[in-house]
Amino acid sequence: MQLQLASVRWRIAIALAIGTGLVAQALPATAAKPVVSVLWTDAKGDASNAAVDLVEGTVSCDRDNISFSMTIADIDLPKLKGNLAYQVYRVKWIQDGSLRFADAALSYSGDTATGPGVVYEAWADGRYLPNGTEVLEQRETGKITKGKNAVVTITMPLQNFGLAPGSVLKSVSSESLTYPWYAFYLGAPTPQATGTLVDKGGPKLNVTVGKGSCKATK
């Protein structure tokens, strides 16, 4: 009797599940995390300022975007307090014979008498003219974490550069620079083109764009 009752309950449970569509429902697919490729590494302590001491550079892509990340020894905001200079983290590459770049800029004014200081962060891409002058072209997005082993990320739509599967960014490298100030003049030569180079990583590898991914290549 107990076995028959259990069988009936099981049949009812199955019928209810089918009736409510539970059996037919599939779990949503989990998006795969982008594969991260290391482009270069650099020793700590070879820069005069830990906030611009490059340690590692990586690249990753998804279907729509390419992201460059740079690990920095230590972005310690209190140590930047009152320093009106801008720390600029730059990725450079050669594409279709032109030298391109993408920047993340950081500045911290420190606490003031009227309140907390301002943390300025900005991202943009650009290109070099034949005479070496920088021209900013498009605003981009990104993220800057703070503290030891900080990570600076610049994320850009692939379509901004006409990148498709098979495209190659050659001789990818990174630089950290300081500028007395940093402003965006899109489409025109920038007045801060005399930034001081502090540290450099690469170039060692290229970046080959795939379908929904990219990787470091020789």
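Coordinate-derived values only; no laboratory data. None of these values were measured; they are calculated from a predicted model. Glycine gets a Cβ as well: all are built from the backbone with ideal geometry, and neighbour counts include every protein chain shown.
Note on LYS215: aspartates and glutamates with a C-alpha under 12 Å away, same-chain residues under 8 apart excluded, are ASP62.
Between the amide H of ASN149 and those of ASP74, ILE75, distances stay under 5 Å, these residues lying 5 or more places away or on another chain, with hydrogens modeled in the peptide plane. Taking each of LYS143/LYS200; LYS79/LYS143; LYS170/LYS204; LYS92/LYS211; LYS33/LYS170 in turn, the alpha-carbon distance tops 18 angstrom for LYS143/LYS200; LYS79/LYS143; LYS92/LYS211; LYS33/LYS170. Counting charges near ILE72 (Lys, Arg +1; Asp, Glu -1) among other residues having Cβ under 11 Å from its Cβ returns a value of -3. The H on the amide N of ALA47, modeled in the peptide plane, is under 5 Å from the matching H of no residue at least 5 residues off or on a different chain. The three principal axes of the Cα atoms in segment 34-217 give end-to-end lengths of 54, 34, 27 Å, sorted in falling order.
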